[in-house]
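A short write-up of the structure that comes next.
No value in this document is a laboratory result; all are computed from the given coordinates. The shown structure was predicted, so the numbers you read here are calculated from the model rather than taken from an experiment. Cβ: placed from backbone, ideal geometry, glycine included. Neighbour counts: every protein chain shown.
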């Protein structure tokens, strides 16, 4: 192996930059050049790339986002585009490709794996909804972003005796909302995995009011509802007025946390190793504290679960 | 003077706690007891108070919000309520009162000043819309909260090549939006003080797109519009899609910044001094780096301006 | 079980407070009262305690340190003191005890376990040197404290072209230094687990100088050397001048990270459950992402290793 | 004016980057090119420069340090070097020069002012010891760095009941130590401006011990003593043991605070304006909230004072 391709795809997540750095360093150490494509699969189609040098990856460890840029690329589902991509990889002398991204990105990765190019995926997504890894790159940083924001809101909540509703990201997954609910002691968490009952939540809040506890935090996963909608419903059902924060994209920014940096370093390094060992069509992940490979098929055909224990724990601690 | 009352009123702001601490310490040093009322004027009406001890104010320097709680008190505009308040102050042996809050709170303060009780105000509001002080308590912390959030969003903006619209607080004032626009290099700032022209903003964004600069930050002061509305208009006028963040109450939380802590310490200490010197019906503020007194009338009858230079500067630096 | 004792012992670590909260909440939910002793085993000897109420544990999730205070208690190694402790537990109606702390604290815990009192330990120590858990409470927060500090120093290092030596905690363990070395891309890491060769490090730095890379970060674990000593040696051996930072106790402060809060919540809840199930003389830990019990003997008789892969990774990424 | 030179000199400070950005933007808007020299006066001697483009200054607002690098340049005090510098400025077509730095840097600036080149200084130094400006670039960020560190140490101090001694920077000035003492409620502050009496401090600590307050923070300005020395003296005089933190260069790193970014923007813009208006041999500063010019002579011949009120305030609030 003399050259490998590298791209970041889908939503960006903090940890992508330290991962790019680790891929580059592991590759250098093995005498392999890294052809880094810009804007994910779009750059692969346009043959828009740079050869990563030490200078490119210097000082990026602490930066959020991805220096390679990322984009969604609708075209890539078409056979024709995939052929073009493989042609570009060949043209640049790449016999391997590393894709940092989420589920959707791995579909693209799988489409070209085994057609003369070996492909390894690295899970990058703040939603933590990728099967085959306990944590994806960016999840830990997003969690810290959320709890810092909620902590600030709690300052004002407890000064003012009010109900606050905070909307988190996560697409179909309630992970960020559930875990940040545990980590901030939220009074209620609304996630897509559990049928929620606003009447019951309203009753609990009213009960708390009677006990003199009149500041409340409710965290809503975007996959379950919106903060505005929950606010309107609470007002209608129970006359409880609330203040809204939509955290939005600040969740996916910021300097990567220590955990994300070390995870990124380990996964980036492992991905290069696995490529050189001849693996393809699979993802490196962190399973039970160890680096493990899962085939893309395993990743696609299994659903990551939150686990009933964590849901109970959130319920218990939020009371 | 043997005893003075103290309350925090209106919206809470970071800096209120270090200010409470400074009032308490300055008063102790002069042999004065501090009767701290809970929930602002509401607590004064209900005679809900505690005598501040060193223990109450220990470890509060770094805490956002206010340990005295705050609330808006509609009743306080009525003569009857004001009389009740004065009665309670007398009953507790207070011949002075310190009110930490904003404009609205000072109206209440003025209503009881000069009726046997001396009253001094301390400006606490993240909006920086109080005349008579260059900076109110909480403004600097709010500014830092905003720029941290915008910095995080910029990570993802520059990875993704997108337009982001961020809504800040400030009520009728564009201060937070304008200054955070300067401090983050936002491409456009929309504030109530300046008539904004979305066509022009859209044209500038399109121009930037043509130059290959495809990530943009627009900051909207809540007093001028909402982020959602600006987003819809940009989409309609120019087909520019954008992502929205509503920062909400996270702006007014968090550990007070160094500036807010030292300002709070200076103003809290000065307020007690001024009371003992016989002043009443006025506010202590920071004017041109010095502690100055302004009568409540001066505070009410003047409008704080942003200054044309800062607006030009934001325009220039955002280009 | 109607009542259990609780104490924090040894060095404090961020995560102790959310753990206290989780113990309290899990116990309430089971109708168990928590007798919280102050200052670790010293408070147990002096019978200095409070019955934890919801008010005590409200708002402590985000606070560093421990509201129960902690201390080292030399006396506790004596039989007599241990008897006194058991007497106090009985007097207060406690048939169980939870000890949050490190190795040393668990020695005390073991001494009283099985003498009529069931005892469960929870690992709290920033050093990550406790066998039986992949992560102890406080390690993740300490890691984030360190990388934030190193990131700041890198700003000035890269502006100035200088060598900086930063000393981290960890007692006999190099975990914090090694992992923060990986997470910050440090040029060299000096840890007690690996014989270090300053000549080699000096040669590498000189090599980097020749390549025009003239800012360097060296992280020294306190268990291997001191920053000042390494600085003097580098100066003598190679004429390389350096700037020193001794991070000291700022490493163990700060609001607990998201990881530490959720880990603390899980371990605290599990410890109460295990007590009610009749377990004693063991520690709850996180092993391969799951909550596991290890007997104190297992904890004492095994040494936690860093793993050769991580050491290689640090070497590779720092080049 | 078609071209101006720009350099950062002396110790780096957070705020230099946003200032570089503002200089560049203000200059572009006036049709002026900016010739940016690397490594301060050393780069001016070596004619090591780049023409600043929008790309250079994009995304630097939030970065600590200086993208232009900085260094001390001993040679520059010699006439010969100064002539060389002027020759290089001429060769590059610069009829103006902006120097961002401290006192020492302005000596170099003055040496070339009025010899065919107009020179304006911008105060950048975390020490806040430059006469002619209330705040220098970087001071506010350094203050926030310090108080965050002290807040973390207070967590552990109040868990453990101990005395902590923290050493801050500031060279000959006690500003950082004094103001961070006020902002953290330190029990004692040791600064070069005030003769300190360790016997008195020890007596106060012992008095606090008797009242049951057994955690103490002492802040020492490097200009007055070292943390280690104060620790040894306290131990000898009063048997008080303490823990040491030497904050070192982490004080001058980190993303610039909101205040530093807006100050940097205003000063950078003003410096270009003043150059175009024909001013030379002076510094732009912030005096009483307004941008003011002071001649270098005024800057050199006056000493910035802390003011007795602040010293009293620290004394009062720390009791």
(request) Tell me the label-point distance for the pair residue D:207, residue A:289, using the 7 Å Cα-to-Cβ offset, in nm and rounded to one decimal. (result) 5.2 nm
(request) Could you pull the Rg and Dmax for the stretch A:183-319, using just the Cα atoms, both in Å? (result) 20.4, 65
(request) Output the Kirkwood hydrodynamic radius of chain D, Cα pairs only, in Å rounded to one decimal. (result) 20.5 Å
(request) Please give the residues of the stretch C:5-42, grouped as numeric ranges, whose backbone N is less than 17 Å from a label point set 7 Å along the Cα-to-Cβ vector of residue C:72. (result) C:8-13, C:39-42
(request) On each of the three principal axes of the Cα atoms of the stretch C:96-170, give max minus min coordinate, whole Å, ordered largest first. (result) 63, 15, 15
(message) Over all directions, how big on average is the projection of the convex hull of the alpha-carbon atoms in the stretch D:11-121, in square nanometres?
(response) 6.3 nm²
(message) Tell me the angle of helix B:16-29 to the major Cα principal axis of chain B, expressed in degrees between 0 and 90 and rounded to the nearest ten.
(response) 30 degrees
(request) Quote the relative contact order of chain A in percent (integer), defining contacts as alpha-carbon pairs under 8 Å separated by 6+ residues. (result) 24 percent
(request) Hey, for a label at residue B:309 modelled as a point 7 Å past Cα toward Cβ, could you say which residues of the stretch D:255-284 have their backbone N under 18 Å away? (result) D:259-280, D:282-284
(message) If I histogram all Cα-Cα distances within the stretch D:139-253 using bins 5 Å wide from 0, what percent of pairs lands in each bin?
(response) 2, 13, 25, 27, 19, 10, 3, 1
(request) Give the Rg (one decimal place) followed by the Dmax (whole number) of the stretch C:192-248, computed from C-alpha coordinates and expressed in Å. (result) 11.5, 33
(request) Give, as ranges by residue number, the residues of the stretch C:142-170 whose backbone N falls under 13 Å from the point 7 Å along Cα→Cβ of residue D:48. (result) C:159-162
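Considering only DSSP beta bridges whose two residues both sit in chain C, what percent are antiparallel, to the nearest 5?
Antiparallel bridges make up about 20 percent of those DSSP assigns within chain C.
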(message) How high is the relative contact order of the stretch C:108-169? Use alpha-carbon pairs under 8 Å, at least six apart in sequence, and give a whole percent.
(response) 19 percent
(message) Please compute the average number of Cβ atoms from other chains found within 10 Å of each residue's Cβ in peptide A:175-187.
(response) 4
(request) Let me have the 222 nm mean residue ellipticity of chain C computed from DSSP H runs of 4+ only, each contributing -39500 (n - 2.57), with the sum over all residues rounded to the nearest 500. (result) -13500 deg cm²/dmol
(request) Report, in degrees rounded to the nearest 10, the 0 to 90 angle that the Cα long axis of helix C:227-238 makes with the longest principal axis of chain C. (result) 20 degrees
(message) How much of the pair distance distribution for the stretch C:69-195 lies past 21 Å, counting alpha-carbon pairs only, in percent?
(response) 54 percent
(message) Could you work out the relative contact order of the stretch C:114-231? I mean the mean sequence separation of Cα pairs under 8 Å and 6+ apart, divided by the number of residues, in percent.
(response) 29 percent
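Among D:204-216, D:15-27, A:278-290, how do they line up from the highest to the lowest mean number of other beta-carbon atoms within 10 Å?
Highest to lowest by the protection proxy: D:15-27, A:278-290, D:204-216.
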(request) Output the peptides D:238-251, B:142-155 sorted from most to least packed, where packing is the average of other Cβ atoms within 10 Å over each peptide's residues. (result) B:142-155, D:238-251
(message) Which residue fluctuates most in the GNM of chain A (Cα springs below 10 Å): A:40, A:31, A:64?
(response) A:31
(request) Round to a whole angstrom and tell me the spacing of the C-alpha centers of the stretch D:288-319 and the stretch B:114-150. (result) 23 Å
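Quickly rank C:308-316, A:181-189, B:125-133, B:67-75 as a protection proxy: mean count of other C-beta atoms within 10 Å, highest first.
The most tightly packed comes first, giving A:181-189, B:125-133, B:67-75, C:308-316.
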(message) Just to confirm the number: angle between the C-alpha axis of helix D:175-184 and the first principal axis of chain D, 0 to 90 degrees, nearest 10?
(response) 50 degrees
(request) Just need the Rg to Rh number for the protein assembly as shown, please, alpha carbons only, Kirkwood Rh. (result) 0.95
